[in-house]
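Colleague: Got a structure for you, questions after.
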Amino acid sequence: MRIYLSRPHMSGHEEARVAEAFASNFVAPLGPQLDAFEATVAEYLGGGLHCVGLSSGSAALHLALRVAGVGPGDEVWISSMTFAGGIFPVNYLGATPRFFDLAPASWTLNTDLLAEELAKAARANRLPKAIVPTDLYGQSVDLDRLEALAGQYGVRLIVDSAESLGASIGPRKAGSGGDAAILSFNGNKIITTSGGGMLVTKHKDWADQARFLATQARDPAPHYEHSTYGYNYRLSNICAAIGLGQMQVLDDRAARRREIFARYNAALARSGISFMPEPEGRFSTRWLTALTIDPVQTGTDRETIRLALLEHQIESRPLWKPMHMQPLYRGAPYHGSGVDERLFEHGLCLPSGSDMSDAQQDEVIGHIMAVLSEGKSAR
Ligand SMILES: *Cc1c(COP(=O)(O)O)cnc(C)c1O
């Protein structure tokens, strides 16, 4: 049986929630299950937040940027190491990305570097409209520091928390920060609605505006009246019902992924293998176990291990390719020293699904150990 990187993991609570939606015929884009799902996530994340269920995390980022007023000619400062869905919405709005490197101690946005560049941009009167830091592989960015910087310079902060629901930093939950945060419930994320996302914001007017835009921007009138253009971006009530069942087990899922990380760490730790760090005060869900393989110290390399796993029907994947290295963004401004470039070159995400058995994980570990002890290299 193929072992996947991260696949949907149903708890058994979902079907009853979906059946409730069917029984009341709310097989529609909106309905009581969606209201309840939004309220459940808002409560989980802490007080004073507004949640809007949407068709994807990418849709949530698109709406957040639009509500923040991002448009043609604006800059959006963003972590280079991210997934396509965490950057493409900048293009949808005709804005320009400026890419930032990660800090080696957290593998999340380098806030010292960001602070330096914000100071320079303020002096030159070319501040960005918004900053979009990415919570990577289950780990929150430094929320307090980023909020302080955004406040100091009057820049909007939109946190991409698509990979970090269930994580926290100090007393704060990932997904609760900034002017807004976005979540994803895609099939590979820590919980899923079989596809979906959410905009989380402390601003009630942002949530109202996002709901309006996500339902085709219908002005109040008996006929269809439009003073701006919108989108069909709301989450289906049926999908929200799945999400309700999944929220019941979110913390268990995070605990299991951390356990999987700990088993990999215990089995594979040696010189030349570095796991993603978890700085003091941060609680990562370890959504995906991410590590780097130093070819000099191990005598092998990332690709050799990835291909050896693939031969045994085991899926693993290089870390995100930084966006400033993508053909699409060639020539875009980048600030950093290539921490992200090196993570991409040597980094691998291992199968980390919460439904993976210990026996399956032992199989993965065994194949990696075999390559490490042979010390063979594909290059
Ligand atoms: C998954 C993901 C998204 C997009 O979410 P979708 O629901 O797939 O649109 C955005 N950013 C990051 C970092 C992600 O991992």
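Every read-out reported here was derived from the displayed coordinates using simple, explicitly stated rules and does not represent laboratory data. Bear in mind that the values here come from a model prediction, so they are computed numbers and not experimental data. Neighbour counts run over all protein chains shown; Cβ positions are idealised from the backbone, glycine included.
Colleague: Report the residue, chosen from Ala84, Ala64, Ala359, that carries the largest GNM mean-square fluctuation when the chain is represented by alpha-carbon nodes joined by springs under 10 Å.
Modeller: Evaluated over the chain, the most mobile residue of the options is Ala359.
Colleague: Taking the number of other C-beta atoms within 10 Å as the exposure measure, put Ser140, Ser271, Ser194 in order starting with the fewest.
Modeller: Numbers: Ser140 31, Ser271 8, Ser194 16.
Ranked by crowding around the Cβ, least crowded first: Ser271, Ser194, Ser140.
Colleague: For Lys189, list the lysines whose Cα falls under 19 Å from its own Cα; do not include residues on the same chain fewer than 8 positions away.
Modeller: In chain and number order, the partners are Lys173, Lys321.
Colleague: Which parts of the range 16-51 would a label at Gln248 reach, counting a residue when its backbone N lies under 17 Å from a point 7 Å out along Cα-to-Cβ?
Modeller: It comes to 16-23, 33-34, 36-41, 44, nothing else.
Colleague: Right, another one. Measuring from centroid to centroid over Cα atoms, what is the spacing of the range 66-138 and the range 193-245 in Å?
Modeller: With the range 66-138 and the range 193-245 each reduced to a Cα centre, they are spaced 25 Å.
Colleague: Here's another thing I want to ask about it. Arrange Val70, Val155, Val200, Val27 by Cβ neighbour counts within 10 Å, fewest through most, would you?
Modeller: Neighbour counts put them in this order, fewest first: Val27, Val155, Val70, Val200.
Colleague: What net charge is computed for the residues neighbouring Ala95, neighbours being all others with C-beta under 13 Å from the C-beta of Ala95, Lys and Arg scored +1, Asp and Glu -1? Mind dumping the intermediate values first?
Modeller: Details: positive: Arg66, Arg98, Lys129, Arg156; negative: Asp74, Glu75.
Net charge in that neighbourhood comes out at +2.
Colleague: Counting only other residues whose beta carbon sits under 11 Å from that of Ser284, what net charge do I get with K and R as +1, D and E as -1?
Modeller: +1
Colleague: Can you sort Val141, Val18 by how many other beta carbons sit within 10 Å, fewest first?
Modeller: In order of increasing Cβ crowding within 10 Å: Val18, Val141.
Colleague: Taking the convex hull of the alpha carbon atoms in the range 250-374, what volume per residue do you get, in Å³? Write down the numbers at each step before the final one.
Modeller: Numbers: hull volume 18.0 nm³, N = 125.
About 144 Å³ per residue, rounded to a whole number.
Colleague: Sticking with this one: How far apart, in nanometres, would the label points at Glu374 and Leu310 be if each is projected 7 angstrom from Cα along the Cα-to-Cβ direction?
Modeller: 1.5
Colleague: Test of understanding: in a Gaussian network model of the chain with alpha carbons linked when under 10 Å, which of Ala21, Ala39, Ala269 would top the mean-square fluctuation ranking?
Modeller: Looking only at Ala21, Ala39, Ala269, the largest GNM fluctuation is found for Ala269.
Colleague: Which lysines have a Cα lying under 20 Å from the Cα of Lys120, excluding residues fewer than 8 positions away in the same chain?
Modeller: Cross-link targets: Lys129.
Colleague: For the pair Ala267 and Met1, what calculated FRET efficiency results from E = 1/(1 + (r/R0)^6), where r is the Cβ-Cβ distance and R0 = 22 Å, to the nearest 0.05?
Modeller: 0.55
Colleague: Using +1 at the Cβ of each Lys and Arg and -1 at the Cβ of each Asp and Glu in the chain, identify which of Thr193, Val249, Leu127 lies farthest towards the dipole's positive end.
Modeller: The one lying farthest along the dipole's positive direction is Leu127.
Colleague: Right, here's the next one. If I stretch the segment between Val27 and Lys120 completely, what's the gain in nm (0.36 nm per residue apart, minus their alpha carbon distance), one decimal?
Modeller: Gain in length upon complete extension: 28.3 nm.
Colleague: Give me the mean projected area, in nm² to one decimal, of the convex hull enclosing the Cα positions of the chain.
Modeller: Values: hull surface 79.1 nm².
Its average projected convex-hull area is 19.8 nm².
Colleague: Let me ask something additional. Quick check: Cα centre of the range 324-379 to Cα centre of the range 16-40, how many Å?
Modeller: About 39 Å separates the Cα centre of the range 324-379 from the one of the range 16-40.
Colleague: Shifting gears a bit: For the residue pair Glu43 and Ala332, what label-to-label distance in nm results when each label sits 7 Å from Cα along the Cα-to-beta-carbon direction?
Modeller: 3.9
Colleague: Further question: After finding the eigenvalues of the alpha carbon gyration tensor for the range 1-77, what semi-axes result from the square roots of 5 times each, listed largest first in whole Å?
Modeller: In descending order, the three semi-axes are 30, 20, 14 Å.
Colleague: Could you work out the helix-only [θ] at 222 nm for the chain, with each DSSP H run of four or more residues adding -39,500 (n - 2.57) and the total divided by the number of residues, to the nearest 500 deg cm²/dmol?
Modeller: Here the helix-only value at 222 nm equals -11500 deg cm²/dmol.
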